[in-house]
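Novice: Would you mind keeping the following structure in view while I ask a few things?
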Amino acid sequence: MGLRTAMHSASMALCLGVLALSGCASTGHDSNQLERNQYAYSAAIRWGDFEGAWMLVDPKYRDAHPMSDLELERYKQIQVAGYRDMATQTLPDGDVVREIQIEVVNRHTLTQRSTRYTEHWHFDPVAKTWWLSGGLPDFFDE
């Protein structure tokens, strides 16, 4: 077996091990719904639908921190060029955090930059859904 084949086999074994372990990490709530909400949120961010992404933020947070028209207009100044899940962790209380790397391009200057963002998801037993507990990524405070 050549070096390349051995490295490929080791890589596949590592990937399968990670998948097996991730299947063991249960949140105690509907993980399929969590995945659907995370997918919908990431798709909204990728496509620049920040109002749609905002609707997946916990209503309590939205009420306490309403987004102004000016803030929504600022999001129109950027184009998301990349959105990658870097790491996911289930916390002892059942909440889930994801470290995300987002590549954004300023539509006016055409400059691209990368930013890290932590998503914190929690299950709302009353609404029976998963919510993002913080606001949208802050692309403007750098």
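Novice: Compute the FRET efficiency between D138 and H108 as 1/(1 + (r/R0)^6), taking r as their Cβ-Cβ distance and R0 = 25 Å, and round to the nearest 0.05. Please report the intermediate quantities before stating the final value.
Specialist: Numbers: r = 18 Å, r/R0 = 0.72.
Efficiency computed from Cβ-Cβ geometry: 0.90.
Novice: Once the convex hull of the C-alpha atoms of region 55-132 is built, how many Å³ does it hold per residue, rounded to a whole number?
Specialist: Numbers: hull volume 8.0 nm³, N = 78.
Per residue, the Cα convex hull of region 55-132 comes to 103 Å³.
Novice: Could I have the simple spin-label model distance between R116 and V97, label points 7 Å from Cα toward Cβ, reported in nm to one decimal?
Specialist: The two pseudo-label positions are separated by 1.1 nm.
Each value in this text was obtained by applying a stated rule to the coordinates, not by laboratory testing. In this text, all values refer to a predicted model and were calculated from it rather than measured experimentally. Using ideal geometry, Cβ is built from the backbone for each residue, glycine included, and neighbour counts are taken over all protein chains shown.
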